[in-house]
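Asker: Have a look at this one.
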Amino acid sequence: MPEFKIGINDNDSHMCSSTDRVFENMVGLIVCESCGYRKDFEYVNDDFILKRKTYDLSGTYDGYYIASLKLKELTEKEEFNGVDFIPLKNEPEYFAMFVRNIVKFDTEKRKSRSENLCSSCGNYESFIGAKPAFLIERLPSDICRSDVIFGSGNSKHPLLFASQKFVDVVKREKLKGFRFEPVRT
């Protein structure tokens with residue numbers, strides 16, 4: 001059965017940082033003292049404001065997936081397990097979405113590359129080469145994330161992957177903001 005990389009649109013928003021700097025007043029956000037990039041990829045800013053509210057799934061410029069209430073409820077109804085939805089204080093109809101099911105990305109076959117490893121925090125300044133997506137294994141669940149976090153600076157995020165069942169449900173329910181590209185092996 002085919003598997004897909006989930007592509008999304010940006011929502012013209014930032015959760016806690018730009019590519020090169022963390023915003024002020026991000027109380028509790030862990031930042032590496034050596035490289036200056038955030039170490040906590042699940043920090044949720046209580047003051048976050050979503051600028052573009054047209055999608056059921058979208059991404060911030062700093063690598064967060066933002067899900068609508070409709071997507072959250074559908075995920076629960078269809079029992080797509082391994083997804084956490086963190087409420088956004090100022091956006092009651094939206095959630096920060098974190099996928100817990102991990103699938104191994106084939107960085108060798110894709111010829112992905114990393115640049116500037118920080119010896120203090122263990123993160124790379126950049127990890128590039130995500131398209132087209134190659135996986136080492138089959139998806140262990142209907143929605144998964146890559147084991148590799150792609151992007152640069154503070155704009156890093158895992159890739160999302162979906163089973164045919166997930167794709168069919170999204171299309172049936174006419175959720176907005178999703179693009180599906182076949183995965184390569």
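Asker: Determine the pairs where a residue that is over 11 Å from Phe4 (Cβ atoms) and of a type in the set (Val, Ile, Thr), located within the range 139-167, has a partner that is part of a strand (DSSP E or B) and open to solvent by 20 Å² or more (accessible area, probe 1.4 Å) with Cβ atoms under 9 Å apart, the partner being 6 or more residues away or on another chain.
Answerer: Val148/Ser114; Val148/Phe127; Val148/Pro158; Ile149/Tyr124; Ile149/Phe127; Ile149/His157; Ile149/Pro158
Asker: Hey, another quick one. Would you check which residues across the range 1-25 are part of a loop (DSSP other than H, G, I, E, B) and open to solvent by 30 Å² or more (accessible area, probe 1.4 Å) and list them?
Answerer: Met1, Pro2, Ile8, Asp12, His14, Thr19, Asp20, Arg21, Phe23, Glu24, Asn25
Asker: Would you confirm whether any residue within the range 69-80 is part of a strand (DSSP E or B) and in contact (Cβ under 8 Å) with a residue 24 or more places away in the chain?
Answerer: Scanning the range 69-80 turns up no residue that is part of a strand (DSSP E or B) and in contact (Cβ under 8 Å) with a residue 24 or more places away in the chain.
Asker: In addition: Could you list, in sequence order, the residues of the range 98-132 that are farther than 14 Å from Ile149 by Cβ and either of a type in the set (Ser, Thr, Tyr) or surrounded by 15 or more Cβ atoms within 10 Å (Cβ to Cβ) (or both)?
Answerer: Result: Asn101, Asp106, Arg110, Ser119, Ser120.
Asker: Kindly provide the set of residues from the range 136-170 that are in a strand (DSSP E or B), polar (S, T, N, Q) and surrounded by fewer than 18 Cβ atoms within 10 Å (Cβ to Cβ), ordered by number.
Answerer: Matches in the range 136-170: Ser152 only.
The values are calculated or read from the model by the stated rules, or taken from the named source; none is laboratory data. Since the model is a prediction, treat every value here as computed from it, not as a measurement. Please note: Cβ atoms are built from the backbone with ideal geometry, for glycine as well, and neighbour counts cover all protein chains shown. Surface areas here come from the heavy atoms of the whole protein model, side chains and all, with no ligands, DNA or RNA. Shrake-Rupley method; radii C 1.70, N 1.55, O 1.52, S 1.80 Å.
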